[in-house]
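The values are calculated or read from the model by the stated rules, or taken from the named source; none is laboratory data. This is a predicted model, so every value here is computed, not measured. FYI the Cβ positions are ideal-geometry reconstructions off the backbone, even for glycines, and counts take in every protein chain you see. Only protein heavy atoms, including side chains, enter the accessible area calculation; ligands, DNA and RNA are left aside. Shrake-Rupley method; radii C 1.70, N 1.55, O 1.52, S 1.80 Å.
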Amino acid sequence: PPLPLWGGGGAFMGACCGGSPAMPWLAVLYMTANITLNLTAIALVKRGGAVGTMVASTLLVPVYGLVFCLNIPLLAPTPFSWGFVNGLVVVTVGSILYNHAKLAPLLSRPPKAADPPGGKVEG
């Protein structure tokens with residue numbers, strides 16, 4: 001095997017090249033979080049449709065932004081500022097306000113099994 005492959009494996013395991021001893025666990029954590037996020041997105045598309053998925057993704061933007069402010073190995077932390085948080089709040093609230101009419105059916109209770117498809121009994 002080529003030498004760079006061994007060096008990369010050693011750095012991944014935290015053995016050399018300034019690698020962190022937590023690297024294998026961070027990789028497993030990243031893959032687990034990514035798979036969970038993708039499966040949740042698929043379930044959300046099935047249940048809530050495109051609008052619900054878009055709003056959920058918009059709500060995750062602040063979480064992603066704040067995670068990059070943390071000191072994660074191999075990533076330099078982004079400087080934290082309250083202006084950044086205020087911008088994320090404006091984006092999130094704006095997206096929810098823009099789609100509030102489309103979100104109302106998602107947040108209302110589903111009709112009971114005995115109710116007709118419209119949810120109201122006519123007569």
Options 59, 74, 107, 66; residue that is on the phi > 0 side of the Ramachandran plot and either modelled with pLDDT of 80 or more or open to solvent by 50 Å² or more (accessible area, probe 1.4 Å) (or both):
74
Mind listing whichever residues of region 53-94 are farther than 25 Å from residue 41 by Cα, assigned to a helix (DSSP H, G or I) and not small (Gly, Ala, Ser)?
82, 84, 86
Residue check, residue 32 open to solvent by 70 Å² or more (accessible area, probe 1.4 Å), at pLDDT 75 or above and under 11 Å from the mean Cα position of the chain (by Cα)
no
Between a first residue in region 78-95 that is more than 13 Å from residue 64 (Cβ to Cβ) and a second residue that is not in a helix (DSSP H, G or I), which pairs have beta carbons less than 6 Å apart while being 6 or more apart in sequence or on different chains?
80/69
Hey, any hits in region 43-56 for a residue that's within 9 Å of the chain's Cα centre (by Cα) and either open to solvent by 60 Å² or more (accessible area, probe 1.4 Å) or touching a residue at least 40 places away in the same chain (Cβ under 8 Å) (or both)?
no
